[in-house]
Amino acid sequence: MATEPVHKSAHYGIIGHDAASLIRSVENVVIAGALRPGEALPSVRALARHLGMSPTTVAGAYRDLRQRGVLVTHDRSRTVVAHRPPLAVRLAPELAPGTVDLASGNPDPALLPELAGPWSRVTPAHQLYGAEVRSPRLARLAREELGQDGIPTDHLAVVGGGLDGIERVLEVHCRQGDHVVIEDPGYAGTLDLVRSLGLLPAPVAVDDAGMLPDELATALERGATTVLQVPRAHNPTGATLTTDRATDLRAVLARFPDVLVVEDDHAGPISDAPYHRIVEGHARWATVRSVAKWLGPDLRVAILVGDDDTVTRVLGRQRLGTGWVSHLLQDLTAATWEAARSEGTLLEAAARYAERRGHLLAALRAEEVPAWGASGLNVWVPVHEEVPVVQGLATRGWAVQAGEAYRIGSPPGIRITTAALPTERVPDLVTDFLEVLDRRLGTRRG
């Protein structure tokens, strides 16, 4: 009987005598570029025979590499290098002149508060070692704003952005190998962070109303120790918790009182959606509210609140590293927040973002193209194949984001950031999108 040939990539330096060494070898080969994104690896049987290892061991290594985001499997048969393995820093692609950027996920600069006025209302002063690490001005404002959403603020920390806060909470509570529930699709940065900490993502599907309760229950029954969840303006899908869905998720979590729950409210007041908590009555929890999307990405500040033990651990770990977030930055953030609130800047931004997102959703649905986007800055459009759609739109002057970096097991899709999409350009975008899908005027050619 003929034996299955060894794929050429087995000769690209992949070695190993057990699962751990095989995993390290594949990661090293990918980092070195010998195996490139989209290139197929040998089958489990072929590589096992080539290395003299058990197929079960190789299959386990492949499974671990998929969880780390190094590999993906297509059609349950072909294993390839992921297009965005979280192994090394990669530069953002350059956009051709004239391309409309609907890929970067940035807010519209025209809708961000100006900084000159708030900066004039900041009194610079030196902050010395051993002083209070939280700016009283920012802490007072944060407690007032978060309290209006029903979020307890007895224990509060200031951290260097949303992901910094999430990372600090995971570091003080999780151990390598712990399974962390994460939305699928979900924010690529959070997924990369989880993997980089040696944690294993436990994907839970989402719809327009957020995580699916039955899938969350299954993940927790299988031993997941932590839940990461975005309550509104979910990136990339725009999903937003409803009252009923939040109630259902709280009921699931009540059965697992020892699970850590982290809520990432990254869009805050520009979400154009109410805040629904899922951690009411939970012993271990944290809520992180970053200001990047609504006051400006260069204000590397986020508010972190949670239970006493969690916040105390985060503050202790912070003192061993950066020490604190600069009070100059904290006070500028507070002054900008105060000005934006009094001038109505945030309400205006929320309305404009909702209008732009709504225009695109309506135009796509009018052409019977499924699309998600209940709130926030993005619209998620399911597609059969991501790369051809992204490339096709790029040739027509539109940069959109392939969904692979955001997905674990969910179907393909593309993310379109509508934050700065002029409403008058929406018909052009939809026309070009239909052409790429070969669905112009509802017909198919070929």
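A short reminder: the numbers here are calculations on the coordinates, not readings from a lab. In this text, all values refer to a predicted model and were calculated from it rather than measured experimentally. Here the Cβ is made from the backbone with ideal geometry for all residues, glycine too, and neighbour counts use every protein chain on show.
Details
- For segment 128-212, convex hull volume per residue from C-alpha positions, Å³: 141 Å³
- Taking label positions 7 Å along the Cα-Cβ direction at both residue 78 and residue 341, the computed distance is 5.4 nm, reported to one decimal.
- Gap separating the Cα centres of segment 371-419 and segment 131-198, nearest whole Å: 27 Å
- Expected-Rg normalisation [2.2 N^0.38 Å, Cα atoms] applied to segment 114-342: 0.99
- MRE, 222 nm, helices only [DSSP H, n ≥ 4, -39500 (n - 2.57), over the chain, to nearest 500]: -11500 deg cm²/dmol
- Residues 145, 385, 39, 263, arranged from fewest to most other Cβ atoms within 10 angstrom of their Cβ, appear as 385, 39, 145, 263.
- Relative contact order for the chain, counting Cα pairs under 8 Å that sit 6 or more residues apart, in percent: 18 percent
- Computed with the Debye formula from one identical point scatterer per Cα of segment 8-81, without solvent, the log10 of I(q)/I(0) at q = 0.22 Å⁻¹ comes to -0.93.
- Karplus-derived HN-Hα couplings along segment 35-48 (A = 6.51, B = -1.76, C = 1.60, θ = phi - 60°), whole Hz, x at Gly and Pro: 10, 9, x, x, 7, 7, 8, x, 5, 4, 5, 5, 5, 4
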